[in-house]
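The values are calculated or read from the model by the stated rules, or taken from the named source; none is laboratory data. These numbers come from a predicted model, not from an experiment. Cβ placement follows ideal geometry from the backbone for every residue including glycine, while neighbour counts extend to all protein chains displayed.
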Amino acid sequence: MANNHPNSLPPPSFRRIRSQTWPQENDDDIDLEELIASLPKEKGFISPIQILYRNFWCPSEVFPGVHSFCRHFTAHDSDIILACKPKSGTTWLKALAFSALRRDVFPPSANNHPLMSSNPHELVPFFEFTIYGQAGELIDLASFSVPRLFATHIPHDSLPESVGQSGCRVIYICRNPLDTIVSFCHFAPQVKPELWSGGRSSMEEYLDYCCRGIDGFGPFWDHMLGYWKASLERPDKVLFLKYEDLREDTAGNLKRIAEFMGVPFSEEEERDGVIEEIVKLCSLSSLKELEVNKTGKPGVWSTENKTYFRKGEVGDWVNHMTPSMAEKLERIMEEKLSPFGLKFRVK
Ligand SMILES: Nc1ncnc2c1ncn2[C@@H]1O[C@H](COP(=O)(O)OS(=O)(=O)O)[C@@H](OP(=O)(O)O)[C@H]1O
């Protein structure tokens with residue numbers, strides 16, 4: 001498919017980067033264990049091992065799914081992929097994008113809307129956790145409604161080549177790293193209680209991993225910059241959102257999301273309050289109260305659905321980080337992100 005595409009020269013950020021972390025064309029012949037053995041590794045924070053693969057740190061638990069996705073997924077022009085670093089607003093974006101995209105079939109006011117009985121992660125599955133499975137097996141994607149809506153934590157420049165070569169659209173959400181780290185540190189004990197003592201010393205330890213660039217799917221600055229640069233190069237194909245902006249103006253950003261997906265709200269829908277209905281349906285307070293999100297398990301990291309919903313505040317980091325922890329991170333943001341014009345509201 002990629003070779004037949006009229007625009008066959010991939011944009012610069014999708015050109016194949018060859019390095020020792022980027023397996024060769026014929027790596028299908030390589031046994032998975034052999035491949036893992038050949039790649040650089042580091043001890044992870046909650047993952048036992050992080051594997052340097054296609055230039056990012058991949059948690060060993062999801063390596064088979066990630067590898068299978070990168071090798072085998074063929075994007076369609078109409079596909080929509082939601083992308084993010086963990087704890088940046090994934091669940092919220094999934095709920096908003098799903099509700100906007102499928103509103104012709106599932107009106108947001110309906111009592112039986114899928115969000116009432118399914119967690120957003122079930123409605124918009126991750127490639128690497130769900131679709132390609134923990135064992136890296138392939139599943140049939142024919143049953144997905146068109147346009148197909150998927151999600152991933154994989155960095156932009158490491159996505160399968162067909163994503164850049166097709167007309168596929170990507171929506172990225174990121175969040176200020178201070179709050180993302182705090183959010184992750186509240187989530188982590190639910191995933192691996194045995195590896196995690198909780199409290200500030202654990203947060204300091206995780207911060208250290210992040211500052212060294214060994215965080216899942218990171219370094220976080222490369223993750224953000226990859227999508228940021230792609231959104232500047234190809235604004236019609238990559239939409240870059242910030243959690244903080246979504247908090248400030250959810251309705252305005254929902255309109256941008258719908259337009260970008262090719263399903264803009266009509267004047268009639270605006271007049272009828274459809275945007276507000278979706279905003280309310282997907283709000284933290286609404287989703288948190290649903291039975292499915294209090295008790296259910298979506299199967300991602302085998303965690304309970306309730307772990308995806310906490311405070312959702314901008315600036316919660318002030319309640320958890322010491323000034324020196326925050327300064328350490330802010331220095332890195334200044335050094336790595338600011339030169340490219342990427343800044344965050346942190347309060
Ligand atoms: N609907 C909605 N609205 C606003 N905020 C929301 C929503 N759903 C989840 N959240 C907050 O997002 C944080 C979890 O991040 P993710 O959804 O990216 O987590 S995950 O990567 O999917 O595990 C986590 O942030 P913190 O509260 O700061 O920990 C959630 O509370």
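Checking the stated criteria, Val238 turns out not to satisfy the condition of being under 23 Å from Val146 (Cα atoms), surrounded by fewer than 20 Cβ atoms within 10 Å (Cβ to Cβ) and modelled with pLDDT of 95 or more. Residues of the range 46-85 being within 14 Å of the ligand (Cβ to nearest atom) and at pLDDT 95 or above, which ones? Residues satisfying the conditions are Leu82, Ala83, Cys84, Lys85.
Per the listing Asp157, Asp215, the residue uniquely within 16 Å of the ligand (Cβ to nearest atom), touching a residue at least 12 places away in the same chain (Cβ under 8 Å), of a type in the set (Asp, Glu) and buried (at least 19 other Cβ atoms within 10 Å of the Cβ) is Asp215.
Scanning for something within 23 Å of Pro147 (Cβ to Cβ), away from the ligand (no atom under 12 Å from the Cβ), surrounded by 14 or more Cβ atoms within 10 Å (Cβ to Cβ) and in contact (Cβ under 8 Å) with a residue 60 or more places away in the chain, does the range 279-300 turn up at least one residue? No: the range 279-300 contains no residue that is within 23 Å of Pro147 (Cβ to Cβ), away from the ligand (no atom under 12 Å from the Cβ), surrounded by 14 or more Cβ atoms within 10 Å (Cβ to Cβ) and in contact (Cβ under 8 Å) with a residue 60 or more places away in the chain.
The sole residue among Val146, Val163 that is away from the ligand (no atom under 16 Å from the Cβ) and part of a helix (DSSP H, G or I) is Val163.
From the list Glu335, Glu276, Glu327, Glu267, pick out the single residue that is more than 13 Å from the ligand (Cβ to nearest atom), free of Cβ contacts under 8 Å to residues at least 12 places away in the same chain and more than 25 Å from Glu204 (Cα to Cα).
Details: Glu335 fails: more than 25 Å from Glu204 (Cα to Cα); Glu276 fails: free of Cβ contacts under 8 Å to residues at least 12 places away in the same chain; Glu327 fails: more than 25 Å from Glu204 (Cα to Cα).
When all the criteria are applied, what remains is Glu267.
Among residues of the range 79-96 that are over 20 Å from Trp228 (Cβ atoms), those with a beta-carbon under 8 Å from a residue that is of a type in the set (Lys, Arg) and in a strand (DSSP E or B) at least six positions away or on a different chain give the pairs Asp79/Arg169. If you go through the range 304-329 and pick out every residue that is among the acidic types (Asp, Glu) and buried (at least 16 other Cβ atoms within 10 Å of the Cβ), you end up with 1. Can you confirm whether the range 205-214 contains a residue that is under 26 Å from Asp79 (Cα atoms) and either part of a helix (DSSP H, G or I) or out of contact with any strand residue (DSSP E or B) (no Cβ under 7 Å at 6 or more places or on another chain) (or both)? No. Just so you know, in the range 96-110 the residues that are among the aliphatic types (A, V, I, L, M) and surrounded by 24 or more Cβ atoms within 10 Å (Cβ to Cβ) include one that is nearest to the ligand (Cβ to nearest atom), and it is Leu96.
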